[in-house]
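So the structure is just underneath, and the comments pick up after that.
The values are calculated or read from the model by the stated rules, or taken from the named source; none is laboratory data. What you see is a predicted model; the values in this text were computed from it and never measured. Positions of Cβ are generated from backbone atoms using ideal geometry, with glycine treated the same way; all protein chains shown enter the neighbour counts. Ligands, DNA and RNA are excluded from the accessible area calculation, which covers all protein heavy atoms including side chains. Shrake-Rupley method; radii C 1.70, N 1.55, O 1.52, S 1.80 Å.
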Amino acid sequence: MKQVLEESMKTQPIPTLAPESNDPNAFEIRLRLPNGQTCTRRFLPSDILQSILDWGIVETQGLNLRLVTTFPRRILVEYQKTLQELGFGPLDNTIVAEKDNFS
């Protein structure tokens, strides 16, 4: 039973990531992974939230994830919105990638 549950948590195909942006308007996003590791990558304000989810899937080798802000805590689900539309900018941008057992 445990093995079936573990396998069901790894059902995402691993996407291909675009190169990291070195545009001067890009800002850093820190992603805290389920294992506690933190990764940093630069994104443009015009990038969509899906690009951060894809990055999390690559970093966790295919885990089903959901993205959550740290404060105030909110689950991010509008994957086609830009980071600018979602209120991200050049200041502290930490997103937690949690295992999503319900996908």
statement: Here the residues within segment 62-95 that are open to solvent by less than 20 Å² (accessible area, probe 1.4 Å) and either touching a residue at least 60 places away in the same chain (Cβ under 8 Å) or among the acidic types (Asp, Glu) (or both) are 89, 93, 95
query: Would you pick out the residues in segment 32-61 that are in contact (Cβ under 8 Å) with a residue 40 or more places away in the chain, in contact with a Cys (Cβ under 9 Å, 6 or more places away or on another chain) and open to solvent by 30 Å² or more (accessible area, probe 1.4 Å)?
result: 32
- request: Could you run through segment 71-103 and say how many residues are farther than 23 Å from residue 25 by Cβ, assigned to a strand (DSSP E or B) and under 13 Å from the mean Cα position of the chain (by Cα)?
  value: 5
